[in-house]
Each structure stands twice: as C-alpha cells, then as structure tokens.
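A short worksheet on the structure shown next.
The values are calculated or read from the model by the stated rules, or taken from the named source; none is laboratory data. Worth saying up front: this structure is predicted, and the values here are computed from it rather than measured. Note that each Cβ is placed from the backbone with ideal geometry, even for glycine, and that neighbours are counted across all protein chains shown. For accessibility, only protein heavy atoms count, side chains too; no ligands or nucleic acids. Shrake-Rupley method; radii C 1.70, N 1.55, O 1.52, S 1.80 Å.
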Amino acid sequence: MDVELIEGSSELGRLIAEVESSGERVRFTVDGEPERVLLAAAELAGLEYWAARRNKGAQPEAEPTHEYPPGPPAYGPHIGYRHPHGGMTLTRGWVVVAELCDAETVARLDEQAKHGRQGYMGPKQSAAFAEFLARQAPVDDER
C-alpha cells in the first residue's frame, strides 16, 4: 500500500496496527517517489538474515545523525524508538511489531535477500540434488 507522507499526520498509529495485523508493507511516498517503508519486524529480520548470507555479514552503517527527540513518540498503543542511523523500531507492550526504514535500504535488502535465498538448498533438497547428480552420466560419455 502506498501512502503520501505528510509531516505530523496522526494516521501513523493506524498504519502501524495494520502492518502488525496483516504483515503488509506500507510505502510512504513524497511526490510519488518512495521515501520510507513500514514493514513487519519479522519480515525485516528475514530480509536481513538472507541478505547477510549473501554478503557474509552486515553492511557498514553510515555515521549516526545524533538527532534524538527528548523521549520516544507514542502512536496510539505503539511506541517508536528512533535508530541513530535513521529508521525507527515500533513496539506494543514491549513486543517489537514493525520497523520504519528508508526505502533505499529496504530495496537493497530485498535484492540481496533474493540472491541469498536463491543460493540456498535445505538438507533434503541438497541430498536429492546430490542423488540426481550421481545418476547423471559423465559429461564426456554423452557423445
């Protein structure tokens, strides 16, 4: 779902609850261009896991912005904790439910996670593939 980003909008609490219940991403746009993405915390964890498998570790972080509000903002029953490198972790009752990330970061994680998943075979699939390869005739004998 795409939503035009309007500063000071009280709609964020409703959108956090929707992401928490449905797991569907919400893209915030400015003039039609993606600016931020609100996604379920479990989805972000999965993207980071698969992206790290491809990259053999996490990406280096930029310098922190050091812009902290005097306290975490509340969005209805949700509390937002800003990250020093941008983004925000959203909780409800001490449970992490969603993350607000930069759109470029999510796009990069999507791409890297796709490649990380494509190179992975589970134990059963790996054994079946090894068995398949064992049944194949050597390449030189195919003439």
* Structure fact -> Each label sits 7 Å from Cα toward the beta-carbon; between GLN125 and VAL3 the label points are separated, in nm, by 3.4
* Solvent-accessible surface (1.4 angstrom probe) belonging to ASP140, in square angstrom, nearest 10 -> 120
* Structure fact -> Here FRET efficiency (C-beta to C-beta, ARG108 to ASP31, R₀ 22 Å, nearest 0.05) is 0.50
* To do: Show the residues, 5+ positions off or on another chain, whose built amide H is closer than 5 Å to the amide H of GLY86.
  => THR65
* To do: Kindly write out, for the stretch 89-106 in residue order, the coupling ³J(HN,Hα) from the Karplus curve 6.51 cos²θ - 1.76 cosθ + 1.60 (θ = phi - 60°), rounded to whole Hz, with x marking Gly and Pro.
  => 9, 10, 10, 9, x, 6, 10, 6, 10, 7, 10, 10, 10, 5, 4, 5, 4, 5
* To do: Of the options ALA128, GLY116, LEU90, report the single residue whose Cα projects farthest towards the positive end of the charge dipole of the stretch 78-129 (beta-carbon charges: Lys, Arg +1; Asp, Glu -1).
  => ALA128
